[in-house]
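Okay, so here's the structure we're looking at.
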Amino acid sequence: MSRALRILIAAAALLGGVASLFAAENTGLTRGTAITDPDLLRKLDQNNTLTISRLISPERNADVPLTTDLMFASLPQLKEIPPAIDAEFDRYIARYKAAYPTETIGVGEGFDVQLFDRANLKSRDTRFVLAGIVNRMDRAYVSEESCGEIRLIYRLARFDSRPDGGKTATRLPMTLNLVMKARDPRQTDGNGKPVTCAEVARRWLDNGDWQGLIGSRIPPYDAMLDRIETNIQVSVAPKSALHNFRSDYLLKVFKYDAATKTFEESALENQIDRDRILADDALRRDFKAWLLAPDHLREFDRGTVLIPEKFLARAAVVPTPAGLDASALQPEFGMMQGEGQAEGKGDPVFTDNDVVSALKQAAARGIDMQNVRSVAGFQRRLNDVTCAGCHQTRGIGGFHFPGVDWLADNPSNSAIVPASPHFFGDQLRRRDILTAFASGKRPDFSRGFASRPQTRGGKELAGTEYQDGWGAHCSLQDAGSGTPDRSFTSWSCANGLTCQAAAASRRIGMCFIKTRLNQQAIWMIHDEYQRGE
């Protein structure tokens, strides 16, 4: 247990809130929306029921899960993934050497910057193990026909031989997310009628036969495949004279093409290609006009916007920790007025007047903005809506769903909690959408900011770190005007806590004890929390 966590537990004990620190273990939050039980996941993995090879190529007669050397070599559907990852690594290494020519970078502890070992993707000692299953019918607005998505999340693990003949399993910093459609419209129920979105939602909420909904039962068996998302901790760099501690993550997406029967490299959803837009005046004008159009601005506010591919990137390198306020580490830094111009990024895409004028135009058309009610709200959503910005939620990074480490006899503290606060905080909203589907109603697909979830009227999050408890994000009074920013007015703290600045934040703080346990301890908690210790 880290020093910061011990301080948190001691402080929470003063409030009688130790249990809230471990709210992530409350399986009630994930009822019907996610499968996190380690025993069930172990069973589904080891009996080859929901392995990658079985779902991608069910016609193969594979009795055991495939190691990575066999998986990438024998499944032609995956052939484009390794070379695409290799190319991103090569670009990353070249950029790092150019930025820090005096530092060494490579695989192993002898380097200043330690890289992920790509040999693990060609090894007979590694394989992807099932870490969790997540219902994302809340994304049905992307494709109503498929009723949203089901995500099967796999963590790379290495199996080393022991002297006694057994195996020691070690999880490695890479996840592979196999995204499947939530329903196959060709599938029928017991009465010969097509399975509806309502039926899919009911089966998940009732903890019923959800396994029977994953994967097509009739040819072509690839009809439910959608895409693969990969997340790799590409490097770790300890604090040095040149920079603070830093860990970079590489995000890639591979969309399934039914014609070629391969997962092909594609753009990341809503991952705005900042550098390309800033360098192209025509693209800059087009993007501003598109996003500030009232209908698109409404979707942007609700978190359901789907930005056209011509504005998007095909990869993202996410530096962490990134902090709470706008900085060069965040994906859209430089696109807003006052950001990055000193570093030579050129004119911003959006001025304050652009945003204010667009908000007024939306209001004149009767559009009620739920989240983006100010320039600061627009700025936060601009990061929040991207893959990288969501990844950096709460100022840290990593994997939002690492899953419980069911391979280990005594899993570490970090692996006991299956997911991030961002993930757990969003479960009420997701379950509300499932309930609407099950009742035959049109769901409300909107979402709040990533670091401050919608409660949907429920009280399950009250007093927890996910909403308004210890460590939750909250609204500070603006130093200039002395009034709260309209986009964050509702970000208050529970009784007994007050919103206090963390680091150099001006608008967003963290909920701490009113009497201030110890300001030095608070800063230490924040610093160590950001480093992920």
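The values are calculated or read from the model by the stated rules, or taken from the named source; none is laboratory data. All values derive from a computational prediction rather than experimental measurement. Every residue, glycine among them, receives a Cβ derived from its backbone with ideal geometry; neighbour counts consider all protein chains shown. To get the accessible areas, we keep the full protein, side chains included, count just its heavy atoms, and leave off ligands, DNA and RNA. Shrake-Rupley method; radii C 1.70, N 1.55, O 1.52, S 1.80 Å.
Results, tabulated for the structure shown:
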| quantity | calculated |
| --- | --- |
| Residues of segment 482-496 that turn out to be in contact with a helix residue (DSSP H, G or I) (Cβ under 8 Å, 6 or more places away or on another chain) and either at negative phi or of a type in the set (S, T, N, Q) (or both), as a count | 4 |
| Which numbered condition Ala315 misses (of (1) closer than 30 Å to Asp444 by Cβ; (2) in contact (Cβ under 8 Å) with a residue 40 or more places away in the chain) | (1) |
| Wholly enclosed strands (runs of 3 or more DSSP E) of segment 90-168 bearing at least 2 residues open to solvent by less than 10 Å² (accessible area, probe 1.4 Å) and touching a residue at least 12 places away in the same chain (Cβ under 8 Å) | 126-136, 149-161 |
| Which numbered condition Ala322 misses (of (1) among the small types (Gly, Ala, Ser); (2) in a loop (DSSP other than H, G, I, E, B); (3) open to solvent by 20 Å² or more (accessible area, probe 1.4 Å)) | (3) |
| Lys255 vs. criteria more than 21 Å from Cys387 (Cα to Cα) and among the basic types (Lys, Arg) | no |
| Top-ranked residue in segment 498-518 [being open to solvent by 40 Å² or more (accessible area, probe 1.4 Å) and either aliphatic (A, V, I, L, M) or touching an Asp or Glu at 6+ places or on another chain (Cβ under 9 Å) (or both); ranked as modelled with the lowest pLDDT] | Leu517 |
| Residue pairs meeting the criteria (Cβ under 8 Å; at least 6 apart or on separate chains; first more than 17 Å from Leu156 (Cα to Cα) and without any contact (Cβ under 8 Å) to a residue 40 or more places away in the chain, in segment 58-85; second open to solvent by 20 Å² or more (accessible area, probe 1.4 Å) and assigned to a helix (DSSP H, G or I)) | Arg60/Arg54; Ala62/Arg54 |
| Of residues in segment 4-52 being of a type in the set (A, V, I, L, M) and either in contact with a Gly (Cβ under 7 Å, 6 or more places away or on another chain) or at pLDDT 90 or above (or both), the one surrounded by the most Cβ atoms within 10 Å (Cβ to Cβ) | Ala34 |
| Residues of segment 69-84 satisfying the condition of being acidic (Asp, Glu) and more than 18 Å from Glu265 (Cβ to Cβ) | Asp69 |
| Lone qualifier among Lys239, Lys255, Lys261 - being on the phi > 0 side of the Ramachandran plot and open to solvent by 10 Å² or more (accessible area, probe 1.4 Å) | Lys261 |
| Lone unmet requirement of (1) outside any helix (DSSP H, G or I); (2) modelled with pLDDT under 95; (3) open to solvent by less than 60 Å² (accessible area, probe 1.4 Å) for Arg60 | (3) |
| Matching residues in segment 159-175 - criterion: being charged (D, E, K, R) and under 16 Å from Ile232 (Cα atoms) | Arg171 |
| Matching entry among Val417, Val404, Val372 (being under 22 Å from the mean Cα position of the chain (by Cα), farther than 21 Å from Arg246 by Cα and modelled with pLDDT of 90 or more) | Val372 |
| Neighbours by Cβ (under 7 Å, 6+ apart or cross-chain): first from segment 347-361, modelled with pLDDT of 95 or more; second open to solvent by 60 Å² or more (accessible area, probe 1.4 Å) | Val349/Lys288; Phe350/Lys288; Phe350/Gln337; Thr351/Gln337; Asp352/Gln337; Asp354/Lys288 |
| Selection from segment 240-260 of residues that are part of a loop (DSSP other than H, G, I, E, B) and farther than 16 Å from Ile396 by Cβ | Ser240, Ala241, Leu242, His243, Ala258, Ala259, Thr260 |
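Quick grid of which residues meet (1) free of Cβ contacts under 8 Å to residues at least 12 places away in the same chain; (2) hydroxyl-bearing (Ser, Thr, Tyr); (3) assigned to a loop (DSSP other than H, G, I, E, B); (4) surrounded by fewer than 16 Cβ atoms within 10 Å (Cβ to Cβ):
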position	(1), (2), (3), (4)
Leu172	no, no, no, no
Arg183	no, no, yes, no
Gly190	yes, no, yes, yes
Val200	no, no, no, no
Trp204	no, no, no, no
Asn207	no, no, yes, yes
